[in-house]
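Notes to accompany the following structure.
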Amino acid sequence: VIGLQGEDGNYYDVWICEPGERVKQARWIVEQASFAPFVAAEAPIVQQKFDLPASELVKSELWQIPNQSIKGLPLPFPNKRATHFMHQGVLCLVDPSGRIPFSDAALENIAILITTFLDRAGLSARSQKQSIEFATVHEISHSLTSSLDQDNIFQQVSDHIRRTLNVQNLSIGLI
């Protein structure tokens, strides 16, 4: 299970991969995700299902999945928010057994790799967004300097803004 918190912090986008099945994606609200102990961890931790109160098990989306336990750790890993461009998240193994082919150190390395890839994706998305914003500012400045007709300027500027922001209506006022 991998969960990444949404931009507003009210939900997690969750990917669940069960053996021999396709990956399922869901959106869980924070209160029902039950990721808090894993998000706060500094290293992989194991949480036993039946050590939790019944009320937690009933309201939790996460705890509907395992039979016994979950081993999880935070993303980004290591948990240093200031150095990462991704949202808070978790990596969880459901019902880990002694047959797991990797140690805590290997799980930490996997989390570091996931963090690296998600950071790069975040940087790429930020770069693309800035590129679109700069292109829009350039088009607007070109529109402003290429015409003296106020109606034409408003039309061109509003077209650029509407296209960039993907909105139907736009108001521009003069002060």
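Miscellaneous remarks
- Residue in the range 6-18 that is surrounded by 12 or more Cβ atoms within 10 Å (Cβ to Cβ) and assigned to a loop (DSSP other than H, G, I, E, B) present: yes
- When S55, S34, S69 are checked against the criterion of being open to solvent by 70 Å² or more (accessible area, probe 1.4 Å), at pLDDT below 95 and among the hydroxyl-bearing types (S, T, Y), S55 stands alone in meeting it.
- Within the range 52-63, the set of residues being free of Cβ contacts under 8 Å to residues at least 60 places away in the same chain and either within 16 Å of V30 (Cβ to Cβ) or of a type in the set (D, E) (or both) comprises E56, K59, S60, E61, W63.
Residues are listed down the side, and each one gets a yes or a no for (1) open to solvent by less than 40 Å² (accessible area, probe 1.4 Å); (2) assigned to a loop (DSSP other than H, G, I, E, B); (3) touching a residue at least 24 places away in the same chain (Cβ under 8 Å):
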{"site": "K24", "(1), (2), (3)": "no, no, no"}
{"site": "F38", "(1), (2), (3)": "yes, no, yes"}
{"site": "F77", "(1), (2), (3)": "yes, yes, yes"}
{"site": "V90", "(1), (2), (3)": "yes, no, yes"}
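- Matching residues in the range 95-141 - criterion: being among the charged types (D, E, K, R), in a helix (DSSP H, G or I) and open to solvent by less than 80 Å² (accessible area, probe 1.4 Å): D104, E108, D119, E139
The values are calculated or read from the model by the stated rules, or taken from the named source; none is laboratory data. Just so you know, these numbers come straight off a predicted model, no measurement behind them. Positions of Cβ are generated from backbone atoms using ideal geometry, with glycine treated the same way; all protein chains shown enter the neighbour counts. When the accessible area is computed, the model is the full protein with side chains, heavy atoms only, and any ligands, DNA or RNA have been set aside. Shrake-Rupley method; radii C 1.70, N 1.55, O 1.52, S 1.80 Å.
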